[in-house]
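A short write-up of the structure that comes next.
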Amino acid sequence: MSDIVEKTLTALPGLFLQNQPGGGPAAAKASFSSRLGSLVRGITALTSKHEEEKLIQQELSSLKATVSAPTTTLKMMKECMVRLIYCEMLGYDASFGYIHAIKLAQQGNLLEKRVGYLAVSLFLHESHELLLLLVNTVVKDLQSTNLVEVCMALTVVSQIFPREMIPAVLPLIEDKLQHSKEIIRRKAVLALYKFHLIAPNQVQHIHIKFRKALCDRDVGVMAASLHIYLRMIKENSSGYKDLTGSFVTILKQVVGGKLPVDFNYHSVPAPWLQIQLLRILGLLGKDDQRTSELMYDVLDESLRRAELNHNVTYAILFECVHTVYSIYPKSELLEKAAKCIGKFVLSPKINLKYLGLKALTYVIQQDPTLALQHQMTIIECLDHPDPIIKRETLELLYRITNAQNVTVIVQKMLEYLHQSKEEYVIVNLVGKIAELAEKYAPDNAWFIQTMNAVFSVGGDVMHPDIPNNFLRLLAEGFDDETEDQQLRLYAVQSYLTLLDMENVFYPQRFLQVMSWVLGEYSYLLDKETPAEVIAKLYKLLMNDSVSSETKTWLIAAVTKLTPQAHSSDTVERLIHEFTISLDTCMRQHAFELKHLHENVELMTSLLPVDRSCEDLAVDASLSFLDGFVAEGLSQGAAPYKPHHQRQEEKLSQEKVLNFEPYGLSFSSSGFTGRQSPAGISLGSDISGNSAETGLKETNSLKLEGIKKLWGKEGYLPKKESKTGDESGALPIPQESIMENVDQTITKKDQSQVLTQSKEEKEKQLLASSLFVGLGSESTVNLLGKADTVSHKFRRKSKIKEAKSGEASSTHNMTCSSFSSLSNVAYEDDYYLNTLHDRGDKELKTFSLNSELLDSESLTELPLVEKFSNCSLSTPSLFADNSMEIFHPPQSIAASVAKESSLASSFLEETTEYIHSNAMEVCNNETISVSSYKIWKDDCLLMVWSVTNKSGLELKSANLEIFPAENFKVTEQPGCCLPIMEAESTKSFQYSVQIEKPFTEGILSGFIRPLKISSEDFGKLWLSFANDVKQNVKMSESQAALPSALKTLQQKLRLHIIEIIGNEGLLACQLLPSIPCLLHCRVYADVLALWFRSSCSTLPDYLLYQCQKVIEGS
Amino acid sequence: MLEESREELMRFMLLFSRQGKLRLQKWYLATSDKERKKMVRELMQVVLARKPKMCSFLEWRDLKVVYKRYASLYFCCAIEGQDNELITLELIHRYVELLDKYFGSVCELDIIFNFEKAYFILDEFLMGGDVQDTSKKSVLKAIEQADLLQEEDESPRSVLEEMGLA
């Protein structure tokens, strides 16, 4: 009773406050929510943070007492909840109330429920354990006849439901798609969209229902379904090309004002809907001329209609421009879009200007002349007082950088860098500068100085790749040895100068770079002796502000320099100093140095000059220790057990859950797993970089075993004229590059006799130096071709090369892609380039679009019929297959094909494995290509057979196969035939492997039975963290467990380990070796599936497949 | 060609006063409590330091922040990737319009004292960060429907009852 009295007392001041006359309508309204009102007012009246804290703590403890008191009614609970939310918002912990929020949602009437749900959605997040308690409430409310309750449940589901809880509500929400009220249908669609985001596999089966939502008579439901479509089209645009027409029609209606006025926003019809549709069209029309043609009209109209001078029309215009530049280009539209961008860029409104710059950045690679048009605006934006505008401008400049304007652009970036303090900006910008410097550096001095700036500003926040790449670049050099030496020498000199400066502190990473370079390349100096360099390093070593990690780098550098030094006072002092250091790592290094110092011969052989790039022969098996080990064993020492084995043993003793995933093989790795401290230090000593020993793996510079990563051709030592261009920019003297660019410009200024104001001239000059090389003649430069040639320090970019590789196959005709029945992205185009080499050298190209492939999964016949559910289809693995055939001069008309015999002939070779039927991929009068699949134990083998149907020999037949993303193809020997005899068939085998696990679409070809014992199953089961459970209704034909499992075995290639009563254990693996376990249990006609795997996505995928198999049959 | 993610992903929405007091927060992506507090504090500082004539968009951490000030209150949305900032700005404006219509010329005090209503309206307008309904009428209709129940419920109570003594 006493605590109730106390509560009353604490509440009293609030009551008094409440009676004070309030001012205005807000205060009048506020008086209703009495307690919250008094709390808020109480807080506002306070002056210090401390008082606030006291008041809230008081409030919280009174709330705590109230919510847990059994007498508290739900109505009061609702009021308490509101105050709890308020306290949490102020940053105080109110976690004691979470459970009561759930209770309120469960027990309250509508109003209380509403507050309860709100509190739950604000307090809890997806992975909160209390959420489990909410499932029943949500399920009950979803089934309620009250609309408001259903709405609340749908809202909370879409906000915080985790993927494990989706199955509980999914069928109920699916039903809601047919609800008579549009608001329910709309919310259900959005909830399913959220499910699609977090667990796409679970909603795969309702895709067809989404189509219905798209055609819903209510605009809101249709608009909601666009969220899902945008997402799905992004994942796989080719599967939805057939909907292009519908989207275009909808957009036309919206733009034409056919929607209810309700949806207007500032007299613009449904802008959000328009933007969503424009995004979808952009994705559908990308690289697809035929689809793009469907939308030209409506895009044109959108551009035309959006004339009102309001933010929202600009938002639509921006999206329109984006779409126009994304789809297959049409010059007329591009022109209009470019004009639009102009409107943005030239707008006095800063928000529009920003978007204009953003749009320019986006389109600049396609149309560099646009940058030229707006160069003066861009220059103005560079000096804009708002840093955001500046930054976007720099982003734009970054995209147009080339060898001619790199110095100016990098200069501008560095200026910005020096002003900004935000870590994210620094990391981002530093990375860009380093990239540009490596790509386009005009000379050594500029490169080193720019990198110095990068290191001193980027310091310890930048990406570790930057210093790593820089050192690698220095170490490996380029073709020209003298040039390399000059670069290194320059680096050494510049670092020595930097170290000479007093009272300057450099970031640790920079010091590490310096110490490595000085250690390796000080020998290049003429004047300074190694001893002097050592003295400088020693000074740093004694500096307290240097971290112990950096000190290990420094001592490594000293160690490398010691054999070159004549006098070694400093070294001895250093040894003396650090052999008694408290830091064990430093002490070890000092001792190593000490011993090496005593044996000069060994030292010089261990630490040769300029050998950092040479590969080391490391005895990984540590065989030199074998004698020692044998001796130990003979004296009764216990044999060595690798770490994982020890852990396993420990585990089996302790019976504790192990969360580490096991590999498939349990064989101990023997020597390779063996490590001893001696081994490490020895290895690193040899590498000449003993600093590594003490470094943490994550943020250290790794220099061991340097590989050749830098392409030799990337470096062209030609001294090109850096700024000689038509706009007359003057060459920039090298010395001034790191100084203010304005000075250079002023210098140039004087030489120009023009009547413009000085400021104007400066801008013009800046413009000419920035936009150099952007004219129409040099457009190519920007697009990458000339770029790669002019790179001085080239970063090897695989992606880029792959792209240019694609572009260079000039014979290829434009691809036309087509959709298939399955969701798999088909992009197979076959090019049969037949070259008739008969004097006239006429090049005939005809593309054979293999519509045949469409029916692929249907043609998988007898043997593999049972696998026909698996959606693996051969060609879908390959993004681009091209084939070139060169006819010999005496080529005559083609003879008849003999395909019937063909298939059987190559099937013979591989009968021991299950394989698919041969299927023709393409053919013409001279040649036919067919393929089939073999499910081998360790891979998927694709066999391609090429048959020469003509009566003549073919020369240099070449079959090229490119795997799609995530797949890897290994060629079997003998894939290239110099000569192909007449009327013969030749097969090529390729094994296909998954490069990394993923679960989109077509994995089934890579599932293999995993044959393990029940015991192993038990062990593995405990070790896997990812699990998925689901109940599946079985059809009558297979109501018994054995028959159901048998189906799974046949169709999905799962291995049945054991069947015990109504339970079954199965296992399979995803090649190369990702295991997945399945536990089944039958109750009546329901099969409970429970998957576990080390891979997080595999169970979902398999569940979906099993569901299909079991429910389908 | 041009590969950029064009997805409307809202990370969170904040309302705070010129004095740096948080008035409403809605997180659309699971974020730990500690991280939330840190982000709110940092972002408020950054936004409050901006001058009135500056751009309404901000690059902050890996996010794009779109903000707008209405009287003493800042509305602030954090979006991901390459979203259309301008439409997000209009989204804020539409939300303010909804509040305005509901409260009848809304002011900061309305939102302070009835913040749960502000949340309800937001939930009706955005679902999980995506625009759910762009029709002003239907959003308010849904809210009013639920509110109607409230008014029936709002019978006068005695002070004692209110304090849990009855």
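Quick note: the coordinates plus some simple rules give every number you see, no bench work behind them. Because the structure is a prediction, the values reported are computed rather than measured. Glycine gets a Cβ as well: all are built from the backbone with ideal geometry, and neighbour counts include every protein chain shown.
Key figures for this structure:
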read-out	value
Estimated vicinal HN-Hα couplings, Hz - the stretch A:279-295 in sequence order (Karplus 6.51, -1.76, 1.60; Gly, Pro = x)	5, 4, 4, x, 6, 5, x, 4, 6, 9, 5, 5, 5, 4, 4, 5, 9
Coil-residue trypsin sites (Lys or Arg not before Pro) of the stretch A:296-380, DSSP, other Cβ within 10 Å capped at 16	A:349
Links that overshoot a 22 Å alpha carbon limit, given the list A:339/A:439; A:187/B:136; A:113/B:26; A:339/A:763	A:339/A:439; A:339/A:763
Fewest-first ranking of A:266, A:196, A:227, using other Cβ atoms within 10 Å as the exposure measure	A:266, A:196, A:227
Partner chain coverage, peptide B:121-129 - average Cβ within 10 angstrom	5
The stretch A:442-522: GluC sites (Glu not before Pro) in DSSP coil with no more than 15 other Cβ atoms inside 10 Å	A:502
Other-chain or far-sequence residues with amide H under 5 Å of residue B:56's (modelled H)	A:351
Rounded to whole Hz, the Karplus (6.51, -1.76, 1.60) HN-Hα couplings of the stretch A:102-119, x for glycine and proline	5, 4, 5, 5, 7, 9, x, 6, 3, 5, 5, 4, 4, 5, x, 4, 4, 4
Neighbourhood charge, 11 Å Cβ-Cβ cut-off, centred on residue A:149 and excluding it, Lys, Arg +1 and Asp, Glu -1	+2
Least to most buried among A:47, A:552, B:31, A:497 (fewest other Cβ within 10 Å first)	A:47, A:497, B:31, A:552
Residue-wise HN-Hα coupling along the stretch A:760-770, computed from phi with Karplus coefficients 6.51, -1.76, 1.60 (Hz; x: Gly, Pro)	4, 4, 4, 5, 4, 5, 4, 4, 5, 7, 6
Cα pair count fraction exceeding 27 Å, expressed as % - the stretch B:8-161	25 percent
Under 5 Å, built H, 5+ apart or other chain: amide partners of residue A:1055	A:1010, A:1067, A:1068
Spacing of the two label points (7 Å from each Cα toward its C-beta) at residue A:547 and residue A:504, in nm	2.1 nm
The stretch B:3-70-the stretch A:136-214 distance, computed between alpha-carbon centres (Å)	29 Å
Distance histogram for the stretch A:240-372 (every C-alpha pair counted, 5 angstrom bins, percent rounded to whole numbers)	2, 11, 22, 23, 20, 13, 7, 2, 0
Amide hydrogen neighbours beyond the local backbone of residue A:988, cut-off 5 Å, H modeled	A:944, A:945, A:946
Sorted by Cβ neighbour density within 10 Å, fewest at the top, the residues A:314, B:28	B:28, A:314
Which listed pairs, of A:358/B:68; A:176/A:1033; A:103/B:34; A:234/B:34, have C-alpha distances above 31 Å, in listed order	A:234/B:34
